[in-house]
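Student: The following block contains the structure, expressed as structure tokens.
The values are calculated or read from the model by the stated rules, or taken from the named source; none is laboratory data. A quick note: this is a predicted structure, and the numbers were derived from the prediction, not measured. All Cβ positions, glycine included, derive from the backbone under ideal geometry; neighbour counts span all protein chains shown.
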């Protein structure tokens, strides 16, 4: 399979993996956000993912992927996944399968102001749950979409710079600026694990969630809730019944560790690129 | 979405629809044939489906789709689906969304001996459960793969001709030669139905199975079993608990109404082309 196909399959395997507490998975829907919305989101992302593999700039490929993803009725399904996946796909294609932290870091460090502008454009295709912008930079609020582009340009901010500005409170931005550390570690775990790939991904998800509070949960429910969720995830490791109970509880409470799911999808992509087979 | 994207989404919605008695669905795997094999099969089919939309001959697009589909560990996931989908995708793309029985019939009636040869080549990518060839044409056994091509050529058989030869015992071939009658009827039912699309598809599947014996079940278990399965499906219509029981029973017995699933996928494609939204 090509890198773009692996990326699309990673999106599908991510949503199929179960239990993935608090997220849509093979066994659970959220209210108004159902499994089939993720299927359509993955298919719609395909064109943008192929653009990334064919050498398009990260921002342009990302915006196209998000636009295609948003052609379904559930709203935001895979915005965060795509933000992590697109540079990984570009790095894999450029390096002919040699996908390393150094290679993807070169890709993200090479992003431009135009990439940043396309990233902001992408917010116009779909509603994304985000934190407030830095207090000293309200004009960079992503919710302003294209209106923020003049501020980006006057400051000369690249997409990498934008990620640096939010790395302290967004786990996906932290992947960008930190060598995709958690993505590659979870990919190693999936490669070393046994059994059906979705089961491996569910275990990797639980490990990621136990190891660090989910930043989307922090944004939506505060740091105490995010810390508690990680503690529960830690308690559920290696205990399938406990993981299932946690999945039921988080869905019922509307607590969605979505950033952890994003990193799981990215890890699945890296694992597929490294030879894991479905 | 493009016709090729709708086709890939149709493959995914088909396998996600549940209950779909005797088939892999969102809630059930078969032994050695799991949900994720269908996800990978759908992604792998994408290139061939795009070729069909871009004007490639039916046989060439079909062989490419099957080759891509087979890059997973479950074996044959969507061979039959693709046989019905590829001409529909080509017809939709040629007619800019005006997808009618007449348009797809023009496509299949225009197939050539080269299309037939590519169809035979496709059997070399994956093991497909098929019936014996016509008694008077053992040299046309599809299990011979490329070795059967000289016989095709000496007889001047197009892919449409090959389908005519098996229309009496293969429901997918019968779609080809009969104006895709059941596909369009099930698409109408999906369009007229309400609720999430996978639920509509599961109801359409049960109606199709109740209305006519599944030809894959006939091939694998005989006509009496196929007739009994249709009777049970008829009894389960409109009764979700009964449909779930039937799904458990058929999976346990290893009875797989796969042709009915193929037509359900094709019907989902037509419904998406006609404006049904996920």
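Student: Quick one: in the stretch A:235-247, of everything that is surrounded by fewer than 15 Cβ atoms within 10 Å (Cβ to Cβ) and part of a helix (DSSP H, G or I), which residue is modelled with the lowest pLDDT?
Tutor: That would be A:240.
Student: Within the bounds of the stretch A:213-234, is there any residue that is over 28 Å from residue A:130 (Cα atoms), at pLDDT 95 or above and outside any helix (DSSP H, G or I)?
Tutor: Checked against the condition, which is being over 28 Å from residue A:130 (Cα atoms), at pLDDT 95 or above and outside any helix (DSSP H, G or I), the stretch A:213-234 yields no hits at all.
Student: I want to confirm something. Restricting to the stretch B:264-277 and keeping residues that are closer than 18 Å to residue A:37 by Cα and surrounded by fewer than 24 Cβ atoms within 10 Å (Cβ to Cβ), which single residue is nearest to the other protein chains (Cβ to nearest Cβ)? Walk me through how you get there before you give the answer.
Tutor: At the first step, the residues of the stretch B:264-277 found to be closer than 18 Å to residue A:37 by Cα are B:265, B:268-269, B:271-273, B:275-277.
Subset that is surrounded by fewer than 24 Cβ atoms within 10 Å (Cβ to Cβ): B:273, B:275-277.
Details: B:273: 14, B:275: 13, B:276: 11, B:277: 6 Å.
Selected residue: B:277.
Student: Still on this structure, please answer the following. Failed condition for residue A:129, given (1) exposed (fewer than 15 other Cβ atoms within 10 Å of the Cβ); (2) more than 18 Å from residue A:38 (Cβ to Cβ), with all others met?
Tutor: Condition not satisfied by residue A:129: (2).
Student: Right, here's the next one. Take residue A:91 and decide whether it is free of Cβ contacts under 8 Å to residues at least 24 places away in the same chain and assigned to a helix (DSSP H, G or I). Outline the logic, then answer.
Tutor: On the way: free of Cβ contacts under 8 Å to residues at least 24 places away in the same chain: yes; assigned to a helix (DSSP H, G or I): yes.
Answer is yes for this residue.
Student: Within the stretch A:52-77, track down each residue that is within 18 Å of the chain's Cα centre (by Cα) and more than 14 Å from chain B (Cβ to nearest Cβ).
Tutor: A:52, A:58, A:59, A:60, A:61, A:62, A:63, A:66, A:76
Student: Next question. For the stretch B:1-13, give me the residue count where each residue is more than 8 Å from chain A (Cβ to nearest Cβ) and part of a helix (DSSP H, G or I).
Tutor: 6
Student: Looking at (1) surrounded by fewer than 21 Cβ atoms within 10 Å (Cβ to Cβ); (2) touching a residue at least 60 places away in the same chain (Cβ under 8 Å); (3) over 19 Å from the mean Cα position of the chain (by Cα), which is the one condition that is false for residue B:219?
Tutor: So the condition that residue B:219 fails would be (3).
Student: Taking the stretch A:18-33 only, how many residues are at pLDDT below 95 and part of a loop (DSSP other than H, G, I, E, B)?
Tutor: Qualifying residue count, the stretch A:18-33: 2.
Student: Keeping to the stretch B:192-212, report how many residues are within 14 Å of another protein chain (Cβ to nearest Cβ) and under 16 Å from the mean Cα position of the chain (by Cα).
Tutor: 2
Student: Restricting attention to the stretch A:132-163, which residues are closer than 25 Å to residue A:256 by Cα and surrounded by fewer than 16 Cβ atoms within 10 Å (Cβ to Cβ)? Give the derivation first.
Tutor: Step one: of the stretch A:132-163, the residues closer than 25 Å to residue A:256 by Cα are A:132-134, A:141-145, A:162-163.
A:132, A:134, A:143, A:145 - these are the residues of the stretch A:132-163 that are closer than 25 Å to residue A:256 by Cα and surrounded by fewer than 16 Cβ atoms within 10 Å (Cβ to Cβ).
Student: Could you list all residues from the stretch A:94-124 that are buried (at least 22 other Cβ atoms within 10 Å of the Cβ) and not in a helix (DSSP H, G or I)?
Tutor: A:99, A:111
Student: Taking only the stretch A:14-34 into account, find how many residues are surrounded by fewer than 24 Cβ atoms within 10 Å (Cβ to Cβ) and either touching a helix residue (DSSP H, G or I) at 6+ places or on another chain (Cβ under 8 Å) or facing another protein chain (nearest Cβ under 9 Å) (or both).
Tutor: 7
Student: Select, from B:270, B:225, B:251, the only residue that is in contact (Cβ under 8 Å) with a residue 12 or more places away in the chain and in contact with a strand residue (DSSP E or B) (Cβ under 6 Å, 6 or more places away or on another chain).
Tutor: The match here is B:251.
Student: Oh, and also: Any idea how many residues of the stretch B:134-165 are in a loop (DSSP other than H, G, I, E, B) and either more than 23 Å from the chain's Cα centre (by Cα) or free of Cβ contacts under 8 Å to residues at least 24 places away in the same chain (or both)?
Tutor: The qualifying residues number 5.
Student: Count, please, the residues in the stretch A:21-76 that happen to be touching a strand residue (DSSP E or B) at 6+ places or on another chain (Cβ under 7 Å) and under 26 Å from residue A:237 (Cα atoms).
Tutor: 1
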